[in-house]
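Here's the structure, in structure tokens; my notes come after.
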Amino acid sequence: MAEDINTQHTERTQKTSKMQLVLSVPPHVRDSQSVTYIMWCVVISLLPAAGYSCYLYGLKAAKLLIASTISAIIAEAAYQMLMKKKITAHDGSAAITGLLLAMNVPPHAPVWMVCIGSAFAIIIAKQLFGGIGFNIFNPALAARAFLMASWPVHMTTAWHQFNPGNILAKDIANIANLPPTAFDAITSATPLACLKSAPQIIADYGASAEAVLQTLLSNTMLKSLFIGSVGGCLGETSALFLLIGATFLFIKRIISWHIPITYILTVAIFMGIYYALRPLPGAESIDHFLPRMVLFHILSGGLILGAFFMATDMVTSPVTHIGMIIYAIGCGVIASIIRLWGGYPEGVSYSILLMNAIVPLIDRYIKPKVFGTLKRTTGE
Amino acid sequence: MFKTLIKPTLILGTIGLISSLTLSYINKLTKPEIEKRLQKKKDEAYAAVLPQQLGYIIVEKDKRVLIDGQEFVYTRAEKKDGERNINAYAFEIAKRGYSGLIRSIVAVDENMKILGLSIIQQTETPGLGARVKEMISKETFFSHFFGNAAETAEQNAQSWFEQQFIGLDCTKQIGILKKGEFSTASEEYKKELLEKNSVSAITGATITTKAVIDSIAEGIEKLKKAIDQEKHSQNAIHKEGKTP
Amino acid sequence: MKIFELIKNGIWHRNPVLIIGIGLCPTLAVTTSVSNALWMTVAAMFVLVGSNILVSSIKRIVPPHIRIPIFITIIASFVIIVELLLKAYQPEVDKALGIFIPLIVVNCIILGRAEEFAYKNSILDSLFDGIGMGLGLGFALTLLAFVREILGANKLFGYTFIPGMEPSLMMIMAPGAFFTLAFILWAMNAIKSKQKK
Amino acid sequence: MFFSRFIAGFKGGIHPPENKFYSEGKKFSYLPIPHVCYVPLQQHIGKPARPIVEVGQAVEEGQLIGEADGFISANVHSPVPGKVIDIVHHPTVFSPKSLCIVIETEGAFTSSQQSRVPSSWESFSRDELIASIKEAGIVGLGGAAFPTHVKLSPPATKPIDTLIVNGAECEPYLTVDDMLMQTFPHEIIEGIRIAMKTLGVERAIIGVEDNKPDAIRALRKVLLETNAPTITLVSLKTKYPQGAEKQLIKALLRREVPSGGLPMDVGVVVQNVGTIYAIREAVLYKKPLYERFITISGPIVKNPGNYKVRFGTKISDIIDEIGGLLDEPVKVIMGGPMCGIALDTLEIPVVKGTSGVLFFGKNKIESENFLTCIRCGRCVAACPAGLLPCDISILVEKNLTDALAMYHLFDCIMCGSCSFVCPSKRPISHFIKLGQQRLKSASTRMT
Amino acid sequence: MELKALFTIIISTVFINNYVLSQLLGLCPFCGVSKKISSAIGMGFAVIFVMTMASFITYLVYKYLLIPYEIVYLRTLTFILIIASLVQLVEMIIEKFSPPLYQALGIFLPLITTNCAILGVTVLNIESGFVTAEFGLVKTVVQGLGAGIGFLLALLLMAGIRERLELADVPENLKGLPITFVVAGLLALAFLGFAGMKI
Ligand SMILES: Cc1cc2nc3c(=O)[nH]c(=O)nc-3n(C[C@H](O)[C@H](O)[C@H](O)COP(=O)(O)O)c2cc1C
Ligand SMILES: Cc1cc2nc3c(=O)[nH]c(=O)nc-3n(C[C@H](O)[C@H](O)[C@H](O)COP(=O)(O)O)c2cc1C
Ligand SMILES: Cc1cc2nc3c(=O)[nH]c(=O)nc-3n(C[C@H](O)[C@H](O)[C@H](O)COP(=O)(O)O)c2cc1C
Ligand SMILES: Cc1cc2nc3c(=O)[nH]c(=O)nc-3n(C[C@H](O)[C@H](O)[C@H](O)CO)c2cc1C
Ligand code: SF4
Ligand code: SF4
Ligand code: SF4
Ligand code: SF4
Ligand code: FES
């Protein structure tokens, strides 16, 4: 393209001898945010949550985070070297992918597994499509789905054994006087898994439905969910630290409200309607059951992480604001459906992946309204 | 007319006829074999859940009854214990597991204690749910083809998962323990399971495990109803017999 | 010489799966293990060779405008024969391959060869074309199954491959099938474009 | 009835750093007359003027030297008294080789001090008004340099009800319009009344961005004094490209100029404040358009400010006159940084459409390597025309001209907002221009 | 029969056990006709139509012809002939009565005869045990419909993605079929999210 621009001017005679004026096409000023800048900002915004998970889970978590990030960067560089492409591994996008992948695995997952996952994310989900900007699926989530399908046991069981001495789980008070075994079962599983298997806990440990619900929806539990003292994937424990990072991204205008807010609202509304129609057994005995349940769903699992950091991945989300809203509603509905009826306790990552597949169609049919015309679509 | 319509029809008809004839001939040839195998398979399944050493003899095979509007198939076996006839029942039951139906044959004695369980059909994830049929074997590809045959372990007809159900009491809820693989060799483990009336789940496949347990419970319910029905109808026959 | 050509064609130059890209469903679905792949090859080759010979031998009396129904009838008959034989003598195989045995009927390779080759060539050539194409299918199936069984189940012919390795279960599920085929086709394309140069 | 509103106005738009501080509030100063002027015969959209002087001929200041040739064309006058020393091809912003009349300054400035006695324009008929505007060679000073007399005489089929006066000046760095409104508020209001009479409209709206409070205050004061209820002043939200006419019309009147249409299709004519000022000069004093106010600015200019410059003055002469530069210039832009054109030589003369000249030094150069589109959607959000700049840029890059047809390329107003926001630094608006060219040549091939 | 059972069948065939992405059926048209969205839509609707019709007819033939005359072993032959003639018939009828529809669907219909998803759905209908189930016919037809919708969904997603990939820097040797399979693999991974769903 540069030649193109230059040829337009070659005929001009250069009268002022020593001066070499630089030509460029308008506009001559550019926004200061470059791709690299944006990507490293996202990395920084993830650091509070990542650091907190190291505090919670200790060295193991740090190892996972670092190994995953580094192997993603290495995979990117290695592929680009092998294919003789320009090396862009330092632009931070691979680092985000690696970091997010690690934040999406349980704290005690084996290190070799996340390394394979990172390589899968970068090579199969991203580089085979042409690298940054061309991938259809969110690389980190594609890799998570790959790990889930490949080593489901590591992905669904390696939750607990916290770093001794941290505040985890101690916060949650056994206010409902559950039998200690049942209480242990509740506090040592992820909250969503616990909700899903509540009937079984009730059957297995002889706890009452009310007591289990009371524990799950207690103030201390909700507070722990917010601050992050209950189990979960590395990055999904603390809503607070994720929100700090997300605020940073908002301030930097790297993400807009459309996707995260719509996503979370959709889940809230869906869950609100569902539990209003079919309250859980034991719900009557809990005051403010509905708002508590909705809050529980918002704070638990990867919803905050997914809504603010993964659904917002610009490459794999629509370009128009209306498209983004449709996409986010789709994510919310699918995530809720999987949470309520699916085989997994958590549906955020699959919901985003599935909506990624629809993004090309959304982008094709949802187009901005052209100024001076009545139609919205420019195609067909 | 002849060229465009009749001739093609004739040819097509002839070919259809020839192929049907051939096929029916082959069908005739293979049919007994297929039926034999199906039967054998079923017998094997029954034999697996009602092993001979227990001494039961099948008396009523594949009885079909309607329970709650659905067909229920069960088999009754008997053994003599002095004066008394001891009954045992085997039934086929299916329930949705992680991905698709899991069909099993279960045999219980009069007290609803499990005599044997055999999973005859499942489409669970290989390496996870599909491990319900996993045999314990240390054999590897290399040892099998290149190593010495001595390592080859003896093959059991039942998987470790199926075996751990033997002896559990179906009148009570069967529990799930997550303690890793149940080893047929470990007496202690077996004792613990019996004590807690539980089975050990396959790691990462609780859904499959639960589906099997639930299907047993469902089957037992149906079986009880079927036995009741049987008694009723026998009573009715008795009454009818008496009235004239 | 021609025979050799025909077989080479089937396995390599005009490999139905890897080059032409047809007959994909059985290729992906049944390649969870090498033994499944081999049995599928046997079954498909039986139908392929049988229908090729038969079509070639009756090509003179088949009017062109009704040839397709006739081919389908012939192919379906062979498929039923295979189905019945497997049910009778290899019930385990029948169960493992399941619905993909009847689906041999619609496998584009077979109808394609009947139409493209057998209908125009001699019986002997058709026989070897059938064998060649069958081997080509078998090559593709076995290659896929080999990769998938080892990576996905850590097994080969049903026996543990490397004790202690944790296989990637995905490889024996649908996504693994797609990825493996993608990589094999990628390699094929690379080889082809290198040869062109 | 005047009121002020804060209106966001149109969809899209961006907020580039304004950088107006260099020249903001700097009073107009008059640049000395250049020794030699290169007066292009093409300083406007449309056909170039026809030269009517010969080499060696003496000319007066303001004498007609190029005659409008055709309907859309404009007269060109001599900016200085002197002698025509040559008629040559010389680089201008319009093309690398454009016919210029070279005039060497000589003699007395008789005509510039023409009778400064205003004629009473109220007695002029519309035709007389248009004739004097045409005579003065006035073209739009807002950038596009479209002949003003054409704009002010719309066909009878297009009734006009509103004159919009564009005082938005949304481009960064530029401050001429701001200064003009501060310095000559009476003149501008009078000019508006003249333009209204010329057009025969009852209503005029002045749109000024709210980052020019002094200009707003000055105009408002005059409006109060003169009690002109048909003229309103609207304070607009500062947002680029608030000054683009379609966006301005939308913001002020909620009317959308139809795709492919002109402002007159929705009953509006838009004129820049500079143009309005020039109209008044032409009507009242018969003063032809041979000089204008421009902003000279940029980080390396010693005395950035707002200057009155004669057309034909070369940039190199300007540099000397304003006291030089602090550093070697690396990039020189004629116009604003968003729409302006980068020059490759300082020999280029100032023309009617020149609203400013900006000088940048070394630290301005960025490597212009662009990356692949990461589909961030910023360009889509920024595009005031409602296009999909990202898709268009990719299609042009991949040379897929056929697919371009349905992307409304010709609705692009070339504002450059898309390129500005793109984090991959893609020269999107340039791609769009290329795409337009390819589509045009494709359609001519077809016919 | 509750509506829920039918709903379950639809959800199951469209999402949980999608014919293309998890059962690996109908892959040839899936790869062959997914280059453009417009043809994907045409093919998808043609498949829905034929699948539903074929499910209906094969069910009747199986239940009232093959079983009573004890010739179930002819199932494959009968079904494929039924499908072939059905496609022919549909083609003729549409051509006669709705030329525009024929324009839209016409070119896809002949391809459908050799689409194994169609034969697959008819065979699976039988193997799902619908023949002996109550309301078997309705369930069969619904399953045919669901399978068709699932096929359309997968095809549409793939077509959308492939149109976008036209503009992507996919490595030269990976273009065409190989990258299509990579996408299919990732789609299948995403659809695993529905696995184990209980409705
Ligand atoms: C690819 C994949 C396949 C799975 N297959 C099965 C399965 O066959 N049976 C099963 O019970 N759970 C299966 N699961 C479900 C999970 O392992 C689930 O978390 C588990 O059943 C819950 O039980 P746990 O408490 O033992 O982890 C599968 C999960 C994935 C990701
Ligand atoms: C070919 C052409 C014809 C035009 N005709 C008219 C016209 O008849 N009336 C009018 O008011 N403006 C007319 N315009 C002027 C435009 O409306 C607009 O003011 C001009 O292009 C400058 O706009 P800009 O400075 O926003 O780029 C015309 C412009 C062009 C290019
Ligand atoms: C992106 C863009 C921004 C513009 N901004 C302004 C502006 O701030 N002020 C202005 O007077 N004209 C601006 N224009 C030009 C106007 O569209 C329009 O041509 C002008 O106001 C017409 O008046 P004129 O004929 O008197 O120049 C802009 C044009 C474009 C394309
Ligand atoms: C706001 C934001 C969110 C991102 N989220 C992800 C993500 O969830 N997964 C990922 O692999 N990359 C993510 N990236 C990085 C980058 O967009 C991604 O690697 C591209 O998909 C690669 O083409 C994100 C980038 C930004 C700016
Ligand atoms: S040319 Fe640019 S700066 Fe000047 S007025 Fe128009 S938009 Fe504003
Ligand atoms: S230059 Fe064209 S495409 Fe780009 S933002 Fe402006 S109007 Fe939109
Ligand atoms: S702003 Fe640049 S990177 Fe973002 S979508 Fe537009 S073209 Fe692509
Ligand atoms: S008909 Fe044959 S070639 Fe066409 S899509 Fe099906 S398999 Fe591929
Ligand atoms: S569609 Fe299944 S084999 Fe081709």
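Here are the numbers for this structure:
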| read-out | value |
| --- | --- |
| B:VAL65 vs. criteria assigned to a strand (DSSP E or B) and free of Cβ contacts under 8 Å to residues at least 60 places away in the same chain | no |
| Test: residue in segment D:328-350 that is within 10 Å of another protein chain (Cβ to nearest Cβ), surrounded by fewer than 21 Cβ atoms within 10 Å (Cβ to Cβ) and under 30 Å from A:MET39 (Cβ atoms) | yes |
| Residue check, D:SER125 away from ligand 7 (no atom under 16 Å from the Cβ) and surrounded by fewer than 21 Cβ atoms within 10 Å (Cβ to Cβ) | yes |
| Candidate set: segment C:162-174, residues that are part of a loop (DSSP other than H, G, I, E, B) and closer than 17 Å to B:ALA130 by Cβ; chosen: the one nearest to the other protein chains (Cβ to nearest Cβ) | C:SER168 |
| Check on D:ALA168, away from chain A (no Cβ under 14 Å), within 16 Å of ligand 2 (Cβ to nearest atom) and within 19 Å of the chain's Cα centre (by Cα) | yes |
| Selection within segment D:231-258 - in contact with a Phe, Trp or Tyr (Cβ under 7 Å, 6 or more places away or on another chain) and of a type outside the set (Asp, Glu) | D:THR232, D:LEU233, D:SER235, D:LYS237, D:LYS246, D:GLN247, D:LYS250, D:ALA251 |
| Count - residues of segment D:418-430 that are more than 8 Å from chain A (Cβ to nearest Cβ) and either under 21 Å from D:GLN242 (Cα atoms) or not charged (D, E, K, R) (or both) | 2 |
| Single match in D:PHE360, D:PHE410 (criterion: under 30 Å from D:LYS250 (Cα atoms), under 25 Å from the mean Cα position of the chain (by Cα) and modelled with pLDDT under 95) | D:PHE410 |
| Any hit, segment D:54-66, residues being within 21 Å of the chain's Cα centre (by Cα), surrounded by fewer than 20 Cβ atoms within 10 Å (Cβ to Cβ) and more than 16 Å from ligand 3 (Cβ to nearest atom) | no |
| Subset tally (residues that are small (Gly, Ala, Ser), crowded, with 22+ Cβ neighbours inside 10 Å and within 7 Å of chain E (Cβ to nearest Cβ)) for segment C:175-197 | 2 |
| Wholly within segment D:238-353, helices (runs of 4 or more DSSP H) carrying at least 3 residues that are β-branched (Val, Ile, Thr) and away from ligand 9 (no atom under 16 Å from the Cβ) | D:273-285, D:315-321 |
| Verdict on A:ILE172 being more than 11 Å from ligand 4 (Cβ to nearest atom), over 20 Å from B:ALA201 (Cβ atoms) and at pLDDT below 75 | yes |
| Segments classed as helices (runs of 4 or more DSSP H), wholly inside segment C:88-161, with at least 2 members that are more than 14 Å from chain B (Cβ to nearest Cβ) and small (Gly, Ala, Ser) | C:123-153 |
| Qualifying residue in segment D:357-364 (condition: more than 10 Å from chain A (Cβ to nearest Cβ), of a type outside the set (Val, Ile, Thr), outside any helix (DSSP H, G or I) and surrounded by fewer than 24 Cβ atoms within 10 Å (Cβ to Cβ)) | yes |
| Residue list for segment A:339-353, restricted to those being surrounded by fewer than 24 Cβ atoms within 10 Å (Cβ to Cβ) and part of a helix (DSSP H, G or I) | A:LEU340, A:TRP341 |
| Conditions (1) within 16 Å of ligand 5 (Cβ to nearest atom); (2) at pLDDT below 95; (3) farther than 24 Å from D:SER132 by Cβ; number of the one not met by D:THR232 | (1) |
| Selected residue [of a type outside the set (Phe, Trp, Tyr), part of a helix (DSSP H, G or I) and more than 14 Å from chain E (Cβ to nearest Cβ)] from A:VAL333, A:VAL294, A:VAL370 | A:VAL294 |
| Residue within segment D:360-368 that is closer than 22 Å to D:GLU397 by Cα and within 16 Å of ligand 5 (Cβ to nearest atom) present | no |
| Top-ranked residue of segment A:175-194 - restricted to ones that are under 20 Å from A:LEU303 (Cα atoms) and not in a helix (DSSP H, G or I), ranked as modelled with the highest pLDDT | A:THR190 |
| Subset of segment E:153-177 (residues that are more than 16 Å from ligand 8 (Cβ to nearest atom) and part of a helix (DSSP H, G or I)) | E:LEU153, E:LEU156, E:LEU157, E:GLY160, E:ILE161, E:GLU163, E:ARG164, E:LEU165, E:GLU172, E:ASN173, E:LEU174 |
| Qualifying residues in segment C:29-43 (those that are surrounded by 24 or more Cβ atoms within 10 Å (Cβ to Cβ) and within 16 Å of C:ALA177 (Cβ to Cβ)) - the one modelled with the lowest pLDDT | C:VAL30 |
| Filtered residues of segment D:383-414 (kept if touching a Leu at 6+ places or on another chain (Cβ under 7 Å), touching a residue at least 40 places away in the same chain (Cβ under 8 Å) and more than 8 Å from chain A (Cβ to nearest Cβ)) | D:ILE392, D:LEU395, D:VAL396, D:THR401 |
| Contacts under 8 angstrom Cβ, first residue in segment D:136-150 being on the phi > 0 side of the Ramachandran plot, partner of a type in the set (D, E, K, R) and within 16 Å of ligand 4 (Cβ to nearest atom), 6 or more apart | none |
| Every pair of residues 6+ apart whose Cβ atoms lie under 9 Å, when the first sits in segment B:29-44 and is within 7 Å of chain C (Cβ to nearest Cβ) while the second is among the basic types (Lys, Arg) and surrounded by 13 or more Cβ atoms within 10 Å (Cβ to Cβ) | B:THR30/C:LYS87; B:GLU33/C:LYS87; B:ILE34/C:LYS87; B:ARG37/C:LYS87 |
| Residues located in segment A:339-376, provided they are closer than 30 Å to D:ARG255 by Cα and among the small types (Gly, Ala, Ser) | A:GLY372 |
| Residue match in segment C:4-17 (condition: of a type in the set (Val, Ile, Thr) and under 26 Å from C:ILE150 (Cα atoms)) | yes |
| Residue tally, condition within 16 Å of A:THR247 (Cβ to Cβ), touching a helix residue (DSSP H, G or I) at 6+ places or on another chain (Cβ under 6 Å) and not β-branched (Val, Ile, Thr), over segment A:38-49 | 4 |
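The values are calculated or read from the model by the stated rules, or taken from the named source; none is laboratory data. Treat the numbers as computed from the prediction; the structure is a model and nothing was measured. For neighbour counting, all protein chains shown are included, and Cβ atoms are generated from backbone atoms with ideal geometry for every residue, glycine included.
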